[in-house]
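J.: Below is one structure. I have some questions about it.
The values are calculated or read from the model by the stated rules, or taken from the named source; none is laboratory data. Model, not experiment: these values are computed from the prediction. Neighbour counts run over all protein chains shown; Cβ positions are idealised from the backbone, glycine included. Note: accessible area is taken over every heavy atom of the protein model, side chains too, but ligands, DNA and RNA are not part of it. Shrake-Rupley method; radii C 1.70, N 1.55, O 1.52, S 1.80 Å.
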Amino acid sequence: MSPVPALNEIAEGIFELRLPIPFEDGLVNVFLFVDGDEVDLLDCGMNSGESLELIHSSLAFLGGKRLRRLVVTHIHPDHYGAAGILAGPDGADLYLHRLEVPLVNPRYVELEHLVLEVLKYLLVNGVPPEEADVLSNSQRALSQVVAPAEPAVQLDGAETLTMGRMELRVEWTPGHSPGHICLYSATSGLLFAGDHMLPELSPNIGLHPQSTPDPLHEYLEGLQRLAAYAPRLILPAHGRPFTDAAGRVEMLAAHHRKRMERVMGILSNGELTGWQVALQLWGPRDQLYEKRLALQEGLAHLQALAVEGKLEKLVTPESVRWRSV
Ligand SMILES: [Zn+2]
Ligand SMILES: [Zn+2]
């Protein structure tokens, strides 16, 4: 057995490593691809001593003398946090989708502008000022577990990358994050799905200042495209590997369809802000971070309905409101 208990071999020369994180189910899965004494890594966990220790002991166990490439699915702290420790001039080459690159500085380095932008976004969407103030500052804590790095390669999607000894196609799957990518090997049928397709959770798809303008439609389109590949095994970043992509995609799509119907029902009573809709959808939440996620997700559903022409979106400098057609 591996002396690193969190390390599981999933195919020849390809290993899943489960790293600790303080949210979701407590673990993020990253993947090591071995090629002789070089190792490539897909996602890298947070910038914490415990997490980095697990990466280094796994590299040592696999005989990896050099970390060659670090490919990151998206810049959320659990996937990108340790990039600045592992990648750079003396470390691995970082590969990142180019729509993730401009998100890094405002989110993790120069936070003031984004904090103000988020505050304005919360206020126009109907969040009471006291709560908006606290919520807009909640991003600050995350920047402490993230060490940013400059990408050596900016991806567009559709590239073929060699990871270990396996060739994988980059699948751009926006929605959860603008430049989220998955990696797919048609020969082995392995799909490395990041946060795009998870076995148990429905990933957060939110409309916010750093999202794309219609993230829910993009997300659902990406799911259908990947399901059409009929991958043999899906390796998610959270939860255990699973096989039935088509079934999972149908469940996720049905979940969002149901949500959109509920949103339509809530708006049959008149004109509301995103915050009012979110409160009716989920009820009052205690956890700050959850409140913000609920608003973002409610807004993604509202936006999708407006794009489909089923709702009207009314904007002024002071407010964004929604009503039935
Ligand atoms: Zn994520
Ligand atoms: Zn994640």
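J.: On the accessible surface of the chain, probed at 1.4 Å, how many percent belong to carbon and sulfur atoms? Don't skip to the answer; put the middle values down first.
T.: Numbers: 7510 of 13880 Å².
In the chain, the share of accessible area belonging to carbon and sulfur is 54 percent.
J.: Then there is this: Can you grab the distance from the C-alpha centre of the range 1-60 to the C-alpha centre of the range 123-178, Å, no decimals?
T.: After rounding, the separation between the Cα centres reads 20 Å.
J.: Using a basic spin-label model with each label point 7 Å from the Cα along Cα→Cβ, how many nm lie between R140 and I85?
T.: According to this spin-label approximation, the distance is 2.4 nm.
J.: Given a 10 angstrom Cα cut-off, can you work out which residue in L99, L32, L314 is the most mobile in a GNM of the chain?
T.: Judging by the Gaussian network model, the answer is L314.
J.: For A87, list long-range residues whose amide hydrogen, built 1.01 Å from N in the peptide plane, is under 5 Å from its own amide hydrogen.
T.: Result for A87 returns A92.
J.: Here is a follow-up. Per q in 0.17 1/Å, what log10 I(q)/I(0) does a Debye calculation on the alpha-carbon atoms of the range 103-173 return?
T.: Taking Cα atoms of the range 103-173 as identical point scatterers yields -0.77.
J.: Also: Kindly express, to the nearest 10 degrees and within the range 0 to 90, the angle between helix 49-61's C-alpha long axis and the longest C-alpha principal axis of the chain.
T.: The angle comes out near 30 degrees.
J.: Continuing with the same structure: Enumerate the lysines that K310 could reach by cross-link, defined here as Cα to Cα under 21 Å, with residues fewer than 8 away along the same chain left out.
T.: Cross-link targets: K258.
J.: Now for a different question. For Q280 and R66, compute 0.36 nm times the residue count separating them, minus their Cα-Cα distance, and round to one decimal in nm.
T.: Extending this stretch completely gives an extra 71.9 nm.
J.: Helix 215-228: angle to the longest alpha-carbon principal axis of the chain, degrees 0 to 90, nearest 10?
T.: Tilt relative to the chain: about 40 degrees.
J.: Per DSSP H run of at least 4 residues, take -39500 (n - 2.57); add these up for the chain, divide by its residues and hand me the 222 nm value, nearest 500 deg cm²/dmol.
T.: -10500 deg cm²/dmol
J.: Residues with beta-carbon under 11 Å from that of H79, excluding H79: net charge, scoring Lys, Arg +1 and Asp, Glu -1?
T.: Within the 11 Å Cβ shell, the charges total -4.
J.: Please calculate how many Å² of accessible area the chain carries per residue, with a 1.4 Å probe and no DNA, RNA or ligand atoms counted.
T.: I get 43 Å² per residue for this part.
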